[in-house]
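Trainee: Sharing a structure, written as structure tokens. Questions coming.
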Amino acid sequence: MKPNAGKLANWLLTWVQEHGTIHGFHNHSVWGSNPYRWSDFTCDHSTWASPLLPALALMLNKKRDPALESKLLTLIRFQTGSFQPDGQYAHIGFQMGESLAHGLIHNMMPNAALGLTALYAKDWLPADDLQRIRASMEATMDACDRIYPFGVMYTNGRAISNQEYARLWGKLLYEKVFGERRWGDELRRQVDEMIGQFHVGGLPDPDCIASYRYAGDTTSTEPAEYYGLLIAPLVLASELYGEPAYLEQAGGLCRHLARSAWHDGRGQTRLHRVFYHSGSRWVRINEPMLIAGMGISLFGIHEYLERQEDTELAAFLAKCDRTYAAYQNPRGYFASATGWCNEADIAPSSAWHAHDLLYLIARHGADDEVWSGLNETHEQISVLLGDRCIWMERGPHWTITDYQSIDVYQLLGRKDETRFGRDMNWVGGERALPERFTFADRPVFVKTDEGIFLRKGGIAETDIQLSSVASVPYLGVWS
């Protein structure tokens, strides 16, 4: 059993604008924050959504669809042309929105994504677009090497494992695609330094390798969803340098994920959150933890399996595919997380979902079912029920709203707008949203001690595409 990747791609493309930006409510369901929590209220482009580009390139390798190819080229041209004055990419704030304009990882994720796009589509991408990718990767690598020297993420700071590995991944992809050893022997030296400084064996058993999160801090590991940023560059380094030890390290990291996994209340296999050291022992933390967003870690395992057969890891990927399927809304997106009991569980971030699409297409390909799902039309209201709030969307409209007689969220947005806000309709004033934000005819749900019901007199059940992560069941129309 696997999710419908075509429906996921269909949903993701509803956030893509004509000029190549990828909008979204950029919910960080690992840290629990988003632009609403940061009082930023932007929902425009995020570089964390850049894995959409190589996912589409893989689909186009299977079937050269002119409309989709044109969309990919637009995405490439936007990403390779959007910079800040200091050479960093623009729109790197992710869960903090446009309030944040610095950071290594959100510069490196688009470079890895662009490198993969060039790798997958090198035979048919226009030469000008390949050059755009090459030039933007060079420029941002040079800028970030200056602003965030290797091993020092911020001034007087310390390295973070996934961020430094993501930088290495982008550089290794550049060297593979463009055939230039631009960083010479220093790149391999840095790979070796990362292994020596961050890798730790024995979690959760002697066959596994974990990574500390911070340089010099042996009390916490990287959260599980970042491990693909470690595994993929090690697999590629093993290939480029002919070094089996790098592949062995990647395999240990893969087993750390597979053997640290847990089963949630629905019996689904989940990535663990993190390990913390209490002072006397390691303690695994399971949740709150994302569902949507496992993709890059699973992609890393897939890359390892392309070079090394491993039945345990293949079975783990199959279990995670079933998790995706179990939590997929009929509209195509997944439940974001469990354990937060707020909007972080139910608001689907296009940025995280792009990671999932890359993995699913890389692993399963783009068959007729994928293309069929991509081309579906959806007229119904999509609903994801959570314990404390509800995600709804229809056409360009989206909302994080409340159950009846609760007035906490009432957030309104549009997929074609760069800002969202609180519904101030009955209050008025300068914060009131323009009329175009009105999400008319929203269904009303009431939550009782026994379950969740749809109120009569409004939208019919047949007009709703519904899924739920609430702790009480959905029981149909209130009667």
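The values are calculated or read from the model by the stated rules, or taken from the named source; none is laboratory data. All figures in this text were calculated on a predicted structure; none of them were measured in a lab. Glycine also receives a Cβ, built like all others from the backbone with ideal geometry; neighbour counts cover every protein chain displayed. Ligands, DNA and RNA are stripped out before the accessible areas are found, and what is left, the full protein with its side chains, is counted by its heavy atoms. Shrake-Rupley method; radii C 1.70, N 1.55, O 1.52, S 1.80 Å.
Trainee: Taking P233 and the conditions (1) within 23 Å of D217 (Cα to Cα); (2) touching a Cys at 6+ places or on another chain (Cβ under 6 Å); (3) open to solvent by less than 10 Å² (accessible area, probe 1.4 Å), which numbered condition does it fall short on, given that it satisfies the others?
Mentor: In the conditions (1) within 23 Å of D217 (Cα to Cα); (2) touching a Cys at 6+ places or on another chain (Cβ under 6 Å); (3) open to solvent by less than 10 Å² (accessible area, probe 1.4 Å), P233 misses (2) alone.
Trainee: Let me ask another. Find all pairs meeting these conditions: Cβ atoms under 7 angstrom apart; at least six residues apart or on different chains; first residue within segment 24-42 and modelled with pLDDT of 95 or more; second residue basic (K, R) and open to solvent by 20 Å² or more (accessible area, probe 1.4 Å).
Mentor: Going by the 7 Å Cβ cut-off, the qualifying pairs are F41/R419; T42/R419.
Trainee: Step by step: first the residues of segment 385-395, then only those that are touching a residue at least 40 places away in the same chain (Cβ under 8 Å), assigned to a loop (DSSP other than H, G, I, E, B) and of a type outside the set (D, E), then the one that is surrounded by the fewest Cβ atoms within 10 Å (Cβ to Cβ). Which residue is that?
Mentor: R388
Trainee: Could I ask something else about it? Output yes when any residue across segment 325-343 is in contact (Cβ under 8 Å) with a residue 12 or more places away in the chain, in a helix (DSSP H, G or I) and closer than 17 Å to E225 by Cβ, and no when none is.
Mentor: no
Trainee: Quick one: is R284 open to solvent by 30 Å² or more (accessible area, probe 1.4 Å) and basic (K, R)?
Mentor: Against the criterion (open to solvent by 30 Å² or more (accessible area, probe 1.4 Å) and basic (K, R)), R284 qualifies.
Trainee: Here is a follow-up. Give G184, G151, G157 a once-over and let me know the one that is more than 30 Å from T218 (Cβ to Cβ) and either of a type in the set (G, A, S) or touching a helix residue (DSSP H, G or I) at 6+ places or on another chain (Cβ under 6 Å) (or both).
Mentor: G184
Trainee: Quick one: how many residues across segment 407-439 are touching a residue at least 12 places away in the same chain (Cβ under 8 Å), more than 27 Å from the chain's Cα centre (by Cα) and in a loop (DSSP other than H, G, I, E, B)?
Mentor: The first filter runs over segment 407-439 and keeps only residues touching a residue at least 12 places away in the same chain (Cβ under 8 Å), leaving 408-423, 425, 433, 436-439.
Then keep just the ones that are more than 27 Å from the chain's Cα centre (by Cα); that gives 423, 425, 433, 436, 438.
With the extra rule that they be in a loop (DSSP other than H, G, I, E, B), the set shrinks to 423, 425, 433, 438.
The number of residues fulfilling the criteria is 4.
Trainee: Among the listed residues G339, G242, G295, G267, identify the single one that is surrounded by fewer than 21 Cβ atoms within 10 Å (Cβ to Cβ), within 21 Å of N34 (Cα to Cα) and small (G, A, S).
Mentor: Result: G339 is the single residue among G339, G242, G295, G267 that is surrounded by fewer than 21 Cβ atoms within 10 Å (Cβ to Cβ), within 21 Å of N34 (Cα to Cα) and small (G, A, S).
Trainee: Could you check, for segment 138-147, whether at least one of its residues is farther than 20 Å from H23 by Cβ, in contact with a Phe, Trp or Tyr (Cβ under 8 Å, 6 or more places away or on another chain) and open to solvent by less than 20 Å² (accessible area, probe 1.4 Å)?
Mentor: Yes, that holds for at least one residue.
Trainee: I've got another one for you. So, R255, is that one open to solvent by 20 Å² or more (accessible area, probe 1.4 Å) and not hydrophobic (A, V, I, L, M, F, W, C) or not? Don't jump to the end; show me each part of the working.
Mentor: Values: open to solvent by 20 Å² or more (accessible area, probe 1.4 Å): yes; not hydrophobic (A, V, I, L, M, F, W, C): yes.
Criteria met by R255.
Trainee: Check L168 against each of (1) open to solvent by 10 Å² or more (accessible area, probe 1.4 Å); (2) within 14 Å of D142 (Cα to Cα); (3) among the hydrophobic types (A, V, I, L, M, F, W, C) and name the one condition it does not meet.
Mentor: (1)
Trainee: Would you check if there is a residue in segment 447-465 being in contact with a His (Cβ under 9 Å, 6 or more places away or on another chain), part of a loop (DSSP other than H, G, I, E, B) and small (G, A, S)? Walk me through it before giving the result.
Mentor: Going residue by residue through segment 447-465, those that are in contact with a His (Cβ under 9 Å, 6 or more places away or on another chain) are 465.
Now drop any that are not part of a loop (DSSP other than H, G, I, E, B), which leaves none.
There is no residue in segment 447-465 that is in contact with a His (Cβ under 9 Å, 6 or more places away or on another chain), part of a loop (DSSP other than H, G, I, E, B) and small (G, A, S).
Trainee: Follow-up question, since we're still on this one. Which ranges mark the helices (runs of 4 or more DSSP H) fully within segment 45-162 that have 2 or more residues being over 28 Å from V370 (Cβ atoms)? Show your work before the answer.
Mentor: Numbers: elements: 52-62, 66-79, 105-121, 127-147.
The qualifying helices (runs of 4 or more DSSP H) are 105-121, 127-147.
Trainee: Quick check on F437: is it farther than 26 Å from N10 by Cα and of a type in the set (F, W, Y)? It would help to see each step written out before you state the result.
Mentor: Values: farther than 26 Å from N10 by Cα: no; of a type in the set (F, W, Y): yes.
So F437 does not fit the description; no.
Trainee: So Y165 clears everything in (1) of a type in the set (F, W, Y); (2) in contact with a strand residue (DSSP E or B) (Cβ under 9 Å, 6 or more places away or on another chain); (3) without any contact (Cβ under 8 Å) to a residue 24 or more places away in the chain except one condition, right? Which one?
Mentor: The failed condition is (3).
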